[in-house]
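Some notes on the structure that comes next.
The values are calculated or read from the model by the stated rules, or taken from the named source; none is laboratory data. All values reported here derive from a predicted model rather than from experimental measurement. We place every Cβ from the backbone using ideal geometry, glycine too, and count neighbours over all the protein chains shown. Heavy atoms of the whole protein, side chains included, go into the accessibility calculation; ligands, DNA and RNA do not. Shrake-Rupley method; radii C 1.70, N 1.55, O 1.52, S 1.80 Å.
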Amino acid sequence: MTLRSKDEIPYRTMLKTLIGTALFLTIDSPIGDGWFAGHGQAVATLLVALAFAFSYWRSAKRAREIMLIGIVVGLTGEYILSMVLGMYHYRFYNIPLWLIFGHSLIFASVFRLSHHPYILARQIVIKQWLLAFSIIYSFVWLFWANDWFGFLYSMIFFVILFFAKRSQLFFLIMFFIVAYLEQIGTATGTWFWPEVAFGVFEWLPSGNPPVGIAAFYFLFDFVVLGFYLNVLHPKVRDRYNNLSSKINHL
């Protein structure tokens, strides 16, 4: 096993995440239906399942467990937010089967990027640039798309980000990736957001997509890692708490 150099840019993970996401979302769209005789969603599901299997195969045990937990948490969240609350809708008003694996793949990709030696060695500068992007994007989309709903979530994102200091790099990368995939998903017609929050609150207009939706990944991260530490590996949690306690007393 070779160690990754701090000067080795994670091109492969970045390109697979950005190009792969764009490809999968385009396939599950009216465009993809034209390519695959109306079966775009089925083809996207097959490809995402294969990508998940490959990522799972090359991951360590801890990452595999987190990916499996992410499947359950992601699907539960999708059902509640989309089917029950009507926060957004997929083009067939269903829960696409590729979502079984989609959230875990995004989570795993962002986790790898945020722990890559090249990025960790330059994390201060990278966090500054990503924070600048998230602020500018939130204000531009607010005025461009009258996106008060998304802007509200951006404010929540920034408040939580301030307190989640150890996870700032992870969540700032997540903000960028989620903004990217939301723009592609809505532009291709794979899903859409109502013009007002939840399609109900006329006083709270929403962009399509709204910004700040990465705030929900705080909750995703909290539930996934909480289950991992408190249910599956409480000893790891206890070692982490003891180490934190010793550091705080130094």
Note to self: Return the residues of region 174-229 that are touching a Phe, Trp or Tyr at 6+ places or on another chain (Cβ under 7 Å), β-branched (Val, Ile, Thr) and closer than 12 Å to Phe149 by Cβ; say none if nothing qualifies.
What the structure shows: Val211, Ile213
Next item on the list: Provide a single number: the residues in region 50-64 that are surrounded by fewer than 16 Cβ atoms within 10 Å (Cβ to Cβ) and not charged (D, E, K, R).
Entry: 5
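Okay, residues lined up against (1) at pLDDT 90 or above; (2) open to solvent by less than 70 Å² (accessible area, probe 1.4 Å); (3) assigned to a loop (DSSP other than H, G, I, E, B); (4) among the aromatic types (Phe, Trp, Tyr):
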{"residue": "Leu25", "(1), (2), (3), (4)": "yes, yes, no, no"}
{"residue": "Ile66", "(1), (2), (3), (4)": "no, yes, no, no"}
{"residue": "Glu78", "(1), (2), (3), (4)": "yes, yes, no, no"}
{"residue": "Leu81", "(1), (2), (3), (4)": "yes, yes, no, no"}
{"residue": "Gly86", "(1), (2), (3), (4)": "yes, yes, yes, no"}
{"residue": "Leu97", "(1), (2), (3), (4)": "yes, no, yes, no"}
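Quick one: count up the residues across region 192-217 that are within 14 Å of His103 (Cβ to Cβ) and open to solvent by 10 Å² or more (accessible area, probe 1.4 Å). So that I can check it myself, show each step before the final result.
Within region 192-217, the first condition is being within 14 Å of His103 (Cβ to Cβ), and the residues that meet it are 213-214, 216-217.
Right, trim to open to solvent by 10 Å² or more (accessible area, probe 1.4 Å) and you get 213, 216-217.
The qualifying residues number 3.
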Checklist line | Pair list, Cβ under 6 Å, 6 or more apart: region 48-72 residue on the phi < 0 side of the Ramachandran plot, other residue surrounded by fewer than 17 Cβ atoms within 10 Å (Cβ to Cβ) and not aromatic (Phe, Trp, Tyr) | finding: Tyr56/Arg64
Next item on the list: Being open to solvent by 40 Å² or more (accessible area, probe 1.4 Å), farther than 24 Å from Asn208 by Cα and not polar (S, T, N, Q) narrows it down to one of Ala164, Ala121, Ala108, so name that one.
Entry: Ala121
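Does Gly32 satisfy the condition of being surrounded by fewer than 19 Cβ atoms within 10 Å (Cβ to Cβ) and modelled with pLDDT of 90 or more? Even if it seems obvious, please write down each step before you answer.
On the way: surrounded by fewer than 19 Cβ atoms within 10 Å (Cβ to Cβ): no; modelled with pLDDT of 90 or more: yes.
Against the criterion (surrounded by fewer than 19 Cβ atoms within 10 Å (Cβ to Cβ) and modelled with pLDDT of 90 or more), Gly32 does not qualify.
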Next item on the list: Please verify whether region 128-137 includes one or more residues that are modelled with pLDDT of 90 or more and more than 21 Å from Gln168 (Cβ to Cβ).
Entry: no
Notebook entry, point to check: Across region 196-244, what is the number of residues that are over 24 Å from Gly77 (Cα atoms) and either modelled with pLDDT under 80 or among the polar types (S, T, N, Q) (or both)?
Noted result: 11
Check: If you take the residues in region 100-156 that are assigned to a loop (DSSP other than H, G, I, E, B) and not basic (Lys, Arg), which one is farthest from Met14 (Cα to Cα)?
Finding: Asn146
